[in-house]
Ligand SMILES: [Mg+2]
């Protein structure tokens, strides 16, 4: 068994970061934490909304990366994998730099630093090796990597990954959909939280 996991919005959560960044720019009123989806809807509705949204994403995945939070239950899942001796690999579609980030932060290095801080590479926390983390520049390259690594399962928050023509047939497709907002149907299991994913893979 080798479980592949997406990074952004599957392991790392950005709701609070998006809310904070949007408030700091005066795009939304200071009303507490909204979901990333709600922030996007509000920002896109502003004048030049699409440009503002792109700039905000550049800031969140770059300069503000270290403020991202672990998705609830993801830590328990990773610990269970370690306890059971199950291989975990992270495969993420992430460019080196953001197109709309004036600071040109290295996004991959920022994500690795975040993982390091959370204990991903500590033998007594989640116990991954740095070499278990793969960043790819395009979605087709990501899917190729999933096949090449021989993943038995892949967990992702984006249906589009499973819909890639080259997504390997023999990999169990698990959609992590905490908002329950993904379209229904399709050849994948869907779960709204990590506990359910853990149960689905390992039993209770
Ligand atoms: Mg993702």
The lone exception for residue 196 - which of (1) within 16 Å of the ligand (Cβ to nearest atom); (2) in a helix (DSSP H, G or I) it fails: (1)
Among the residues of the range 1-23, write down those that are surrounded by fewer than 16 Cβ atoms within 10 Å (Cβ to Cβ) and at pLDDT below 95. none
Checking the structure you have, find out if any residue of the range 146-158 is within 16 Å of the ligand (Cβ to nearest atom) and surrounded by fewer than 14 Cβ atoms within 10 Å (Cβ to Cβ). no
Go through the range 1-39 and give me each residue that's in a loop (DSSP other than H, G, I, E, B), away from the ligand (no atom under 11 Å from the Cβ) and in contact with a strand residue (DSSP E or B) (Cβ under 9 Å, 6 or more places away or on another chain). 1
Only one of 119, 185, 203 is more than 16 Å from the ligand (Cβ to nearest atom) and surrounded by 13 or more Cβ atoms within 10 Å (Cβ to Cβ); which? 119
Enumeration of residues in the range 165-181 that are in a loop (DSSP other than H, G, I, E, B), surrounded by 15 or more Cβ atoms within 10 Å (Cβ to Cβ) and free of Cβ contacts under 8 Å to residues at least 60 places away in the same chain: 167, 168, 177
Please verify whether the range 40-50 includes one or more residues that are outside the structural domain of residue 109 (by TED's automatic domain parsing), at negative phi, assigned to a helix (DSSP H, G or I) and within 16 Å of the ligand (Cβ to nearest atom). yes
Is there any pair linking a residue in the range 139-161 that is more than 19 Å from residue 11 (Cα to Cα) and assigned to a helix (DSSP H, G or I) to one that is modelled with pLDDT of 95 or more and more than 13 Å from the ligand (Cβ to nearest atom), with Cβ under 6 Å and at least six apart or on different chains, and which? 147/168
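Matching residues to (1) out of contact with any strand residue (DSSP E or B) (no Cβ under 9 Å at 6 or more places or on another chain); (2) outside the structural domain of residue 74 (by TED's automatic domain parsing); (3) closer than 17 Å to residue 75 by Cα:
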position: 115; (1), (2), (3): no, no, yes
position: 134; (1), (2), (3): no, no, no
position: 149; (1), (2), (3): no, no, no
position: 163; (1), (2), (3): yes, no, no
position: 176; (1), (2), (3): no, no, yes
position: 185; (1), (2), (3): yes, no, no
Looking at (1) in contact with a strand residue (DSSP E or B) (Cβ under 7 Å, 6 or more places away or on another chain); (2) part of a helix (DSSP H, G or I), which is the only condition residue 190 fails? (2)
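The values are calculated or read from the model by the stated rules, or taken from the named source; none is laboratory data. Model, not experiment: these values are computed from the prediction. In this analysis, Cβ positions are derived from the backbone assuming ideal geometry, glycine residues included, and neighbour counts consider all displayed protein chains.
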